[in-house]
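The values are calculated or read from the model by the stated rules, or taken from the named source; none is laboratory data. Computed from a prediction, not measured in an experiment: that's the story for all the values here. Heads up, the Cβs are rebuilt from the backbone with ideal geometry, glycines too, and the neighbour counts pull from every protein chain shown. The area values use the complete protein model at the heavy-atom level, side chains included, leaving out ligands, DNA and RNA. Shrake-Rupley method; radii C 1.70, N 1.55, O 1.52, S 1.80 Å.
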Amino acid sequence: MKLYNTLTHSRDEFVTREEGKVRMYTCGPTVYHYAHIGNLRTYIMEDVLEKYLRFSGYDVTRVMNITDVGHLTSDGDTGDDKMLKGAKREHKTVLEIADYYTKAFFDDCRKLNIKKPDIVQPATGCIGDFIKVISALVDKGYAYLAGGNVYFDTSKLGKYYVFGDFSEEDLEVGVRDGVEADSNKRNKADFVLWFTKSKFDDQELKWDSPWGVGYPGWHIECSCISMKYNGEYLDLHCGGIDNVFPHHTNEIAQSEAYLGHEWCPQWFHVHHLVTNDGKMSKSKGEFLTVSLLEEKGYDPLVYRLFCLNSHYLKSLVFSFDTLDNTAAAYKSLVTKISRLDTDDKTPVDAAAFDRLKKAFTDAMDNDLNTSQAVTVLFDILKDTTSDSTKLALITELDKVLSLGLIEAAAKLRSANAAADDIPAEVAELVEQRKAARKAKDFALADSLRDKISEMGYIIEETRQGTKVTKK
Ligand code: AMP
Ligand code: ZN
C-alpha cells in the first residue's frame, strides 16, 4: 500500500517494523466542547485507514489520547487552558466537562460508525508517566528549568523542524500579535513540558512534581501515552494537518531525545474541512456538529460518505448543497442494494468477487483513494454477476467503508413491505411459494399464486426478486 508520508513528503510504500503488526497512534480530541464535523473528518479518515489495514491482514493496535488537561488556547505556550475555559463557560468543574464531552465525542463516533481505538487514555491518568519522561529529559540535558517551568531545549537537536524547513522568524512560537514573548525561553522554538508558573494561574487540576505543583504541557502527553502502550517504536502516527506544527514536531523532539533513536517513520495527516468562510474551528464558537446535521434531517452516515468522497490530502469544502447531493447518492446506493435478492442462494462467483474486490483494494492501496473505492460500490451494483455475489462483496467492502449499507437496505426493504401493507397470511403464502419454486414444485407454486390472487394480491418475479402488490 502506498501512503503519503508528511515526513518524507512522498507517497511511500507502507512498512511496519514487525511483520504483520501495526502500532498506530492518533491524537485524540480536546474535550472542552463538542467535536465539530471538521474534527470528525479527521477521525473518519483515520478509522477507514485503521480498518483497511486490518482488512489487509495487519494486526493493529491503535492508541488514542483524550486531552483533558494542558491544551492551551494557543498552540504555543500562551493563553488559558482550553479545558478551564470550557468549565468556566458552563459553570462546571474541569472533570465534569471532560467526562461530558468525552461521552459526547464517542456518541458522535458511534453514529458515524467510527470504531473506538483499542486503547483510549485520558491525559490526567498518566501524570506519573509524564513526570518520568520529563525528568529523564532534564537528566539528559534536553530540558531546563526557567521561571518555574520546565522547557524543552530545541537547540540540543540536530534538526528540530523535521517536517519542513520553516523559518524561525515565521514561526515564533508563542509570539502572536499582542502576546509577549516568554523571556524564560533560551530559544524561540523551546516549549513547555511542565508548567508551575503560568500567567493564567487559576488552573484547576494540578499535581505535585519534582519542579513544584503544576500541570503538563500538551505535547508531552501524546509522546508518553504512545510510548506507554505502543513501546519505543511506533509505525504510524496520525492527526489533522494543523497538528504538524508545533504539536507533532514537538512530539518527535521529545520522544527521540528521550529514546535516543528514531521513533516513528510514517506520519498521516488529514487536511481540513473548511467552509466558504475558512477553516472550521471549535474556538471560533459557531460550528457544525453531528447533532445539528441530525436535527436538519441528515443521516450521520451521509456525512461519512461525504468525507469518503474526497481525498484526505485535499481540503474539503463543506456546503449543504454538496451534502444534499451526497444524501441523494447514499439513498440511491441503499435503494439499489435493497432490490438485490437476499434469497439468492446461487454460490458466490469467485472470479467476479475477486475482480471487483481487487478494484477496491487497488483504490485503497493507492494512497487511500476512498472516493474511487466508493465508485467500486456502484460498479458492483451495475455488474452482471449474481445478487449473492454482489451482496457478499458489499458486505465485505463495507467492513472498511462502514456506511451501514446492508443494514440500511434491510430497513428500507421492511419499510417498503410495511408501506405495501401486505397482510401476514399473504406474506406467509409468498414465502411458501418461494420455497415451492426453489424445490421446483411448480404445480404447488402456481396454486399458491392463484390463492394469493384470490386474496387480492399480484405476485411478480423481477430481477430484484419477488414483488407483491395489491391489485
Ligand atoms: P482538537 O479536539 O482541537 O484537539 O482536534 C481534534 C482533531 O481534529 C485534531 O487531529 C485536529 O488536527 C483535527 N482538526 C481540527 N480542525 C479540523 C478541521 N477543520 N478539519 C479537519 N480536522 C480538524
Ligand atoms: Zn497529539
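Just a few scattered comments:
- All of Thr30, Thr6 fail the test of being of a type in the set (Val, Ile, Thr) and surrounded by fewer than 23 Cβ atoms within 10 Å (Cβ to Cβ), apart from Thr6.
- Taking the numbered list (1) touching a Pro at 6+ places or on another chain (Cβ under 9 Å); (2) open to solvent by 10 Å² or more (accessible area, probe 1.4 Å); (3) closer than 19 Å to Val120 by Cα in turn, Gly231 passes all entries but (1).
This table checks each residue for (1) open to solvent by 50 Å² or more (accessible area, probe 1.4 Å); (2) modelled with pLDDT of 90 or more; (3) not aliphatic (A, V, I, L, M).
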| site | (1), (2), (3) |
| --- | --- |
| Glu428 | yes, no, yes |
| Gln432 | yes, yes, yes |
| Ala436 | no, yes, no |
| Arg449 | yes, yes, yes |
| Glu454 | yes, yes, yes |
| Ile458 | yes, no, no |
| Gly465 | no, no, yes |
| Val468 | no, no, no |
| Lys471 | yes, no, yes |
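- Flag if Asn113 is open to solvent by less than 10 Å² (accessible area, probe 1.4 Å) and either closer than 27 Å to Met24 by Cα or without any contact (Cβ under 8 Å) to a residue 12 or more places away in the chain (or both): no
- Some residue of the stretch 409-417 being at pLDDT 95 or above, surrounded by 14 or more Cβ atoms within 10 Å (Cβ to Cβ), within 23 Å of the chain's Cα centre (by Cα) and under 22 Å from Ile114 (Cβ atoms): no
- Subset of the stretch 17-27 (residues that are assigned to a loop (DSSP other than H, G, I, E, B) and more than 15 Å from Cys238 (Cα to Cα)): Arg17, Glu18, Glu19, Gly20
- Any hit, the stretch 217-239, residues being closer than 30 Å to Ala329 by Cα and of a type in the set (Phe, Trp, Tyr): no
- Being outside any helix (DSSP H, G or I), at pLDDT below 95 and away from ligand 2 (no atom under 13 Å from the Cβ) is a condition met by no residue of the stretch 221-239.
- Neighbours by Cβ (under 8 Å, 6+ apart or cross-chain): first from the stretch 247-259, of a type in the set (A, V, I, L, M, F, W, C); second assigned to a helix (DSSP H, G or I) and more than 11 Å from ligand 2 (Cβ to nearest atom): Ala253/Thr154; Ala257/Leu137; Ala257/Lys156; Leu259/Met227
- Boolean, Asp68 is surrounded by 20 or more Cβ atoms within 10 Å (Cβ to Cβ) and within 16 Å of ligand 2 (Cβ to nearest atom): yes
- Boolean, Glu46 is in a helix (DSSP H, G or I), away from ligand 1 (no atom under 14 Å from the Cβ), surrounded by 23 or more Cβ atoms within 10 Å (Cβ to Cβ) and under 13 Å from the mean Cα position of the chain (by Cα): no
- Count of residues meeting criterion [open to solvent by 30 Å² or more (accessible area, probe 1.4 Å) and over 30 Å from Phe268 (Cβ atoms)] in the stretch 346-382: 7
- Pick from the stretch 4-46, criterion within 16 Å of ligand 2 (Cβ to nearest atom) and in contact with a Lys or Arg (Cβ under 7 Å, 6 or more places away or on another chain), ranking: farthest from Met280 (Cα to Cα): Met24
- Qualifying positions in the stretch 253-262 - crowded, with 23+ Cβ neighbours inside 10 Å and either over 16 Å from Val63 (Cβ atoms) or away from ligand 2 (no atom under 13 Å from the Cβ) (or both): Ala253, Gln254
- Unique residue being of a type in the set (A, V, I, L, M, F, W, C) and more than 16 Å from ligand 1 (Cβ to nearest atom) when the list is Val244, Val213: Val213
- When the criteria are applied in full, Val133 fails the requirement of being hydrophobic (A, V, I, L, M, F, W, C), within 21 Å of Tyr229 (Cα to Cα) and outside any helix (DSSP H, G or I).
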